[in-house]
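Below you'll find the structure, written out as structure tokens, and then a few comments.
Nothing in this text is a laboratory measurement; each read-out follows from the coordinates by a stated rule. The structure displayed is predicted, hence computed values, not measured ones. Every residue, glycine as well, gets a Cβ built from its backbone with ideal geometry; the counts of neighbours run over all protein chains shown.
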Amino acid sequence: MRLSRRIWGKVVHVLVITVFTVLLAFPFYWMVITSFKQNVDLYTMENNPFVFNAKPTLDHLKFLFTETRFVRWLANTTFVGIVVVAITLVLAVPAAYSLARLSGRWGERLGIAIFLTYLVPQTLLFIPLSRVVAYLGLQDSLWALILVYPSFTVPFSIWLLMGFFKSIPKELEDAAMVDGLTRFGAFAKMVIPISTSGILTVVIFTFTLVTQEFVYALTFISSESNQMIGTGIPIFLVRGDVYYWGALMAACLIASLPIAFLYNLFLDRFIAGFTVGAVK
Amino acid sequence: MAIGRAKIKSVGAAQSPLLGAAMFTPAVLYILLLVAGPFFLAIFYAFSDARIGNTEMHYVGLENFRSILKSPSFRIAIRNSFIFTICSQIVVIVGANILAIALEKTFRGRGFIRFLILLPWVAPIALGAIGWKWILDSIYSVISWVLVALHFYKPFNAPMWLGEPHLAIASVLLVHSWRLMPFSTVILLAGRTAIPKDIPEAAAVDGAGFWRTQFQIIIPMMRPILSVAVLFGLIFTFTDMTVVYILTAGGPFDSTQTLPSLAFAMGIQGSDLAAGAAISLFLVPLLIIIAYFMLRVAHRAEVN
Amino acid sequence: MAVVETRSLTKVFKEGELGAVNSVNLETREGEFLVFLGPSGSGKTTLLRMIAGLETPTSGEILIGGRVVNELSPRDRRIAMVFQSYALYPHLSVYKNIAFPLKAQKVKKDLHKQKVEWAASLLGIGALLDRKPRELSGGERQRVALARAIVREPAVFLLDEPLSNLDAKLRASAREELERFHRRVGTTTIYVTHDQVEAMAMGDRVLVLNKGVVHQLGTPTEVYDNPADTFVATFLGSPPMNLAELSDVIVGFRPEHFRPVSSVNGEAVAFRFKVENIEYLGSEWIVSGTPASGKLGGQKVFSRLNSAQDLSLGGTYDFAVPQRELKFFDRSTEKRVEPKVVSWQ
């Protein structure tokens, strides 16, 4: 409370925030700087890397969009993302609702079991799955990813949606049924429309998970034109030992920011999903 | 009469186990098929001599495990997996607690700061890791440039961050901590905001200063949420191969190999599916322990 | 020297936020039980929190024991506070909860046990020391919170609506317990509530606040019988004081003084009263209706009676108010003024 203490507190507060923000955001700041620097600037060791020693340039962006398959990877990722979102919704929404409402205590247990499968990592399953994918003739096909991605998007989505459905008062559905809807009708015509924000969360979450996935995409996809952004950028923007750092950083930035932005909008709901009721 | 009928209908409709089962069965089947199935297949492969490009398979007993345990890269990998997981968790929990305290107060621009702080977690990790690869470049590293400018090193003499085993391990550790810090921070922040404001105020009136309030009241009260952050952090780091794969691909000389990255190197790149499957099975014991603790946290939360 | 004193204490909030406090001057008396009474958003809690040091005043001074404490943190003010939720530390046992202030104030370790046991026995919770807060009933929690407050022997107790979390049945006994506790320890106590019954029953004096402004400070009888303005007149009492605007004054009278003319002695104002509603509350009756022939501008008035059995709905009766029970308020300032002669049309 004393004045000097209060000022000290403020100074420490600003200091902590600044240091952490700089540490955490620095790589992205560095992507921005690198993306617009000419090669002569980037690859001269004596140059101060924090400033533009030569005029900023759009060459790396031009290179990225014209000389590489970057746009194709963006399209691949969007396509896989959309299909996986659709599959996830079809599987997770009814499952979550039925586990939240219809099966009582047993449903809760099953819900936790499904959540635990979210913890089974890709790095445990990618070896047998590579064989399954080969057996199905899906090697180097985006359909391989579309097949396996729901295995981790569905469990977490069910978990998120269960919490959401539980917060809808049961009386609402009872009223709908008293007014003449069937059980399923109450779900389809009452619950779904008032759950749009929960469902939207799942859409965003699933999409970001798809864009962030690396192991399966690396294992199942081999040709350059079938890559997702997460694998295409680090593997195919490197020719032999030559790194096109300007283009690489531009690609990272362009691919990261929209995902980061979307995720950020829905962050609080994801956190609610992770905290498993440990917060009251 | 009308009321009576409505009641009967409601009760009848609420208990429709068939409809309930029909609604969750597809999802459960999908998950069983694509999670449980491959999991047992992995166990099966680990006891076989399965290779890519060879459809025949034989039971070989513990042969894979025997040869893995003899291999020095496996020993390094398992050691690294634990080093990366535990050390990064320590860094993350200390950092995240500090950052969560700082972010708890409202201040101008907090939303934007939060966005910046979250970037490492929300951006695809493969891309974040490339950013670091450039920052830690053997020649053009900005860190090296700063150290040279400050005369810690002579020009052209700065260390190769990703080229020397110890520095490479430290670099991977750094990137893991960097990546997880935002995640733990927002979880802890959620825990902090869930504590009623009365509690720290009562502590202040009772005579406790900042540190006593934090260490004797707030942090002990956040134990469940803290364990959630730690448990997820452990899983995410322990099972990750992206950071290592992109930064060092396990090198130099397998010195940064982890269980997942070694499984990939042997199983996919080396075509020895059986060995890869056997290596990845070493992830399972820790996963089971973590799952056990997670259930305990969930159960406790339910009881209280 | 007053235990707690405030001088022009003011707290300004951003627009739209409730609870501002406007230039409050206040002096507690040694050992008294002072109640801050007001509706929600009246600033009573803000006032208490400023005294506690949990809220920084915009301007004005707070003195505790004659010393200006504006710049002191809560821990240095020699206060103890009981929160609305009790704010017990959920992870600590009752013993550790009570011992926490001792630990925090760096009281010598070997004194802890003795002091905790003294506080616990004072409140009769000696048997609960090993329990965790979640294993306690609402009443037990209140006692633990009081024990935690008393243990370091503060100069003043601050209580923020400590009874509002209890159910109605428990509230009466908890209230009694608080009164007994205060009589025993004799420490100056400031008690915040929005419940006029609590305020009247417990307070040595009551400070009536609304919109951050002090309307009256006085004993319960003073504020009830001699309200300083129309706000106090209507905030206290249920049903509230009947008010009627007559030319340049407002005239008020309590429902219990508005009775059938036969039971009113001495000089009185009488008018015909049409009964429109009768409520039976067990020990009393609340009768409401409008004065006939446009008296009091046809406004609804309440009467509180011991018996209304001879009244019937829709009937018209002769009622009266004793002259001495009429209170007069200025029409523009709404403040109390001297009795004057008015025309009752």
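Which ³J(HN,Hα) values in Hz, rounded to whole numbers, follow from the phi angles of region C:314-325 under the Karplus curve 6.51 cos²θ - 1.76 cosθ + 1.60, where θ = phi - 60° and Gly and Pro get x?
Ordered by residue, 3J(HN,Hα) equals x, x, 10, 10, 8, 10, 8, 10, x, 4, 5, 8 Hz.
Along its three principal axes, how long is chain A when you only count alpha carbons? Whole Å, largest extent first please.
Computed over chain A, the largest-to-smallest principal extents equal 77, 72, 33 Å.
Against the longest alpha carbon principal axis of chain C, how many degrees, from 0 to 90 and to the nearest 10, is the axis of helix C:168-185 turned?
It works out to around 60 degrees.
How large is the Kirkwood hydrodynamic radius of the protein assembly as shown, counting all unique pairs of alpha carbons, in Å?
33.4 Å
Given a cut-off of 40 Å, what percent of all Cα-Cα pairs of chain C lie beyond it?
The share of Cα pairs beyond 40 Å in chain C comes to 26 percent.
Return the FRET efficiency for the residue pair A:Lys166, C:Glu177: r is the Cβ-Cβ distance, R0 is 45 Å, and the value is rounded to the nearest 0.05.
Taking R0 as 45 Å, the efficiency between A:Lys166 and C:Glu177 is 0.70.
Please compute the contact order of chain C in relative form: average sequence separation of alpha-carbon pairs under 8 Å and at least six residues apart, divided by the residue count, as a percent.
Dividing the mean separation by the residue count of chain C yields 16 percent.
Compute the separation of the alpha-carbon centres of region A:19-75 and region C:106-122 and state it in Å as a whole number.
Cα centroid to Cα centroid, the span is 66 Å.
For region A:140-280, calculate the relative contact order in percent as a whole number, restricting contacts to Cα pairs under 8 Å that are 6 or more residues apart.
Here the relative contact order equals 32 percent.
Which value, in nm² and rounded to one decimal, describes the direction-averaged projected area of the C-alpha convex hull of chain B?
26.2 nm²
Each residue of region A:49-63 in turn: what ³J(HN,Hα) in whole Hz from Karplus with 6.51, -1.76, 1.60 and θ = phi - 60°, glycine and Pro shown as x?
For region A:49-63, the Karplus-derived couplings read x, 7, 10, 7, 8, 10, 4, x, 9, 9, 4, 5, 5, 4, 4 Hz, x marking Gly and Pro.
Cross-link candidates for C:Lys132: which aspartates and glutamates have Cα within less than 15 Å, leaving aside residues fewer than 8 places away along the same chain?
Partners within reach: C:Glu140.
For B:Leu136, which sequence-distant residues (separation of 5 or more, or a different chain) have an amide H within less than 5 Å of its own amide H, given hydrogens modelled in the peptide plane?
Answer set, sorted by chain and number: none.
Please arrange A:Val84, B:Val297 by counting, for each residue, the other beta carbons lying within 10 Å of its beta carbon, fewest first.
B:Val297, A:Val84
For chain B, which DSSP H helices look membrane-span-like by this rule: Cα extent along the axis of 24 Å or more and mean Kyte-Doolittle of at least 0.0?
Helix filter hits for chain B: B:72-104, B:165-193, B:284-303.
Looking at region C:1-36, which chymotrypsin sites (Phe, Trp or Tyr not before Pro) are DSSP coil and have at most 15 other C-beta atoms within 10 Å of their C-beta?
Here the chymotrypsin sites (Phe, Trp or Tyr not before Pro) that fit, given the DSSP loop and packing criteria, are C:Phe13.
Across the Cα atoms of region A:69-236, what radius of gyration and what greatest pairwise Cα-Cα distance (Dmax) are found, in Å?
Rg and Dmax of region A:69-236, Cα atoms, are 18.3, 60 Å.
Given R₀ = 35 Å, what would the calculated FRET efficiency be for B:Lys70 paired with A:Ile192, taking r from the Cβ atoms and rounding to 0.05?
0.05
For chain B, what relative contact order do you get, as a whole percent, if you take Cα pairs closer than 8 Å and at least 6 residues apart?
Dividing the mean separation by the residue count of chain B yields 28 percent.
Please work out the C-alpha center-to-center distance from region A:197-254 to region C:130-157 and express it in whole Å.
Going from one Cα centre to the other spans 58 Å.
To make sure I understand, if each residue's beta carbon is the centre and we count other beta carbons within 10 Å, what order do B:Ile143, C:Ile64 fall in, fewest to most?
By the 10 Å Cβ count, ascending: B:Ile143, C:Ile64.
With each pseudo-label sitting 7 Å past Cα toward Cβ, what's the B:Ile43-B:Arg300 distance in nm, one decimal?
For the pair B:Ile43/B:Arg300, the computed spacing is 3.0 nm.
List the residues, sorted by chain then number, that are 5 or more residues from C:His215 or on another chain and whose placed amide H is less than 5 Å from its amide H.
HN-HN under 5 Å from C:His215: C:Val208, C:Leu209, C:Asn210.
Please turn the phi angles of region C:147-158 into ³J(HN,Hα) values with the Karplus equation 6.51 cos²θ - 1.76 cosθ + 1.60 (θ = phi - 60°), one per residue in order, whole Hz, x for glycine and proline.
Calculated HN-Hα couplings, in order: 4, 5, 6, 7, 4, 9, 6, x, 6, 8, 9, 10 Hz.
Within 10 Å of each residue's Cβ, count the other Cβ atoms and sort A:Leu181, B:Leu173 from fewest upward.
Placing the least packed residue first, the sequence is A:Leu181, B:Leu173.
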